[in-house]
Each structure stands twice: as C-alpha cells, then as structure tokens.
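Novice: Please read through the structure below; I'll follow up with questions.
The values are calculated or read from the model by the stated rules, or taken from the named source; none is laboratory data. Computed from a predicted structure; not experimentally measured. Cβ sites come from the backbone with ideal geometry, for glycine too, and all protein chains shown count toward neighbours. Side chains are part of the model used for accessible areas, which takes the heavy atoms of the whole protein and leaves out ligands, DNA and RNA. Shrake-Rupley method; radii C 1.70, N 1.55, O 1.52, S 1.80 Å.
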Amino acid sequence: IEERSRKRIQNAFGHYLAPTLVDRLADSENALQLGGEQRDVTIMFADLSGFTALSGILGPEALVETTNAYLKIIADEVDASGGYIDKFIGDAVMAIWGAPVADGNHPAHAVAAALKVADTIAQKRELAIAKGEHAFDIKVGINSGLAVVGNVGSEKRYNYTAVGEAVNIAARLEGLPGVYKCRVIVGPDTADRLDGVFPLREIDAVTVKGKTAPLRIFEPFPASAPPPDPAYGDALALYRNRDFAAAASIWNRLSDADGPASVMAARALVFADDPPPDNWNGVFVMSEK
C-alpha cells in the first residue's frame, strides 16, 4: 500500500516537479494537499529580455534552441534551490517556493536562485556578444505572501499553481527591471523577510497597474557583495523631499555603473526643470505593468 502511494505521487507529479521534490512528496504524502489551500509562498516571474528582437533575426529552430538554453539556466537553478516551476510562458518562467513542498526560508531561497540566474545569464550574454552571437538578458520580479495553491483546471486537464494578490504583484514586478536598468527586483514583503541575508537597497516607490497603494521596490545583491552605496538612499530621500537638483547630482555620480541611479538621475533632472504638483507623493506611476 505504501509503495502504491509513492508511485501514485511520483506519476502525478513526475512530469512537472523536480525529481528531488517528487521523492520528498512521495515520502510524506501529507505534505501534498490536492485542491486549493492557502499557503505562504514566494513567487518569481523571470522574463528573457530581447526575445521579440531576436525573433525577427533568428530562424524558428535557432530561436527555440537559444531560448531553451536560457530557460534551462532558470529551470535548473529553481530546481536546485527547492523551488517549483509552475509554468513556462513563452520566453518567461513562473516559479514558486514554499509549495507544494513547505519551505521555512522560501524568500531567501528564491532570491538566491534569482541572483544566481541573473549572474549566469549575464556571463553567458557577455561570452555570446564577444563571439558575435545573439543573446538574451533577464528581468526578474519576486514577491512573497499568502496565495491559494492547488490544482486548477478541469478534471481531465489541470495544473498545480498559485493564485492571489501576492502572485499578481510578482507578475507586475517582473516588468520593473527593464524600467530601472537592473536584473532583479523584489517587493517589500520579500525584502522584509530576508533578515540581512542579502544586501538590499530601496530603488523607488511605484504604483503598478491594478494597484492603488504604492509599493516600495528593492534591488538585492549577492550575500558576498559589499553593502550598497548609501549615497543612493541619500539621493532618494532628497528626491522625496523635492530637492531634485541635489538628488540628481548624487545619482549622476553613481550612474556610470549603476542602472537605477542613471534612471533616477534623469527623472530628477526633469523634475528640477519642471516640478511636479504640490500633492506629488514621490511615487512613480507605472502604466504598462
């Protein structure tokens, strides 16, 4: 009976879970509850930048081969960190940590995986460009919180996934690295729970599509990296206090090797010449994501 139970779990999840997670679920069937349940999870959306441009250059076979090579980098790191590939969405990946297998440290594991993916893809991109080959870049958005996880769909066709506000916010965050010229952005709920595991800096506060309350967004750095330059935070405080010229001056000094600083410097200079209305609250309103 026990062996049949293991086989049932392995057959059910063997095609869309990492083998190590299938084994863990088979050993502890209670860790898996079919149907919907509320769980605390971390969700990642990772999108390959440049897909549209490459699709007009490469033939279909070469495009799929290149895309799959990059998607494999993401999938392998998600699996290695104990995450779950929810789905591939064309040139993007949705992944979950904390379900279906419980993970008491899922925010840190998700961010560690994202940083490793970003570094690996950046290196692969540099090598490809040096050889005159085509390459992708990566944009990653991560958010933590409560979500309903379980099997959704029909009796004959279903998918184990997560739905809810935490998932929607993660999807919106995925578009922000392209705006701020970085690779990984995490939401405030994830940042609050990293507990000093990774150096973090607040980039900005934004209002994303479908949300009225602003979100503070953060950029994480590898644990081995030095703390972020506090000058960025000093400039952000000046910016929010409407001292745009002073904020732009600081961000300009950082902008040569700092994507978010270059973006914020340009924005502050615009406001220095044409100040926002008196009721401006320092929040950037996103119209696309």
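Novice: For the subset of the range 24-60 comprising residues that are modelled with pLDDT under 85, closer than 30 Å to SER5 by Cα and touching a helix residue (DSSP H, G or I) at 6+ places or on another chain (Cβ under 8 Å), which member is surrounded by the most Cβ atoms within 10 Å (Cβ to Cβ)?
Specialist: ALA26
Novice: For the range 199-274, which helices (runs of 4 or more DSSP H) that fit wholly inside it have 2 or more residues that are of a type in the set (Ser, Thr, Tyr)?
Specialist: 230-240
Novice: Select, from ILE96, ILE9, the only residue that is farther than 28 Å from ILE169 by Cα, open to solvent by less than 40 Å² (accessible area, probe 1.4 Å) and either more than 20 Å from the chain's Cα centre (by Cα) or modelled with pLDDT of 85 or more (or both).
Specialist: Every option except ILE9 fails the conditions.
Novice: Let me ask something additional. Contact list please: Cβ distance under 8 Å, first residue in the range 208-225 and aliphatic (A, V, I, L, M), second residue open to solvent by 60 Å² or more (accessible area, probe 1.4 Å), pairs at least six apart or on different chains.
Specialist: These pairs meet every condition: VAL208/ARG172; VAL208/LYS289; ALA223/VAL197.
Novice: Go through (1) out of contact with any Gly (no Cβ under 6 Å at 6 or more places or on another chain); (2) surrounded by 16 or more Cβ atoms within 10 Å (Cβ to Cβ) for ALA223 and report which single condition fails.
Specialist: Here ALA223 meets the rest and fails (2).
Novice: Only one of these conditions is not met by ILE85: (1) assigned to a strand (DSSP E or B); (2) among the hydrophobic types (A, V, I, L, M, F, W, C); (3) open to solvent by 70 Å² or more (accessible area, probe 1.4 Å). Which number is it?
Specialist: Single failed check for ILE85: (3).
Novice: For the subset of the range 158-194 comprising residues that are acidic (Asp, Glu) and touching a residue at least 12 places away in the same chain (Cβ under 8 Å), which member is least open to solvent (accessible area, probe 1.4 Å)?
Specialist: Out of the qualifying residues, it is GLU174.
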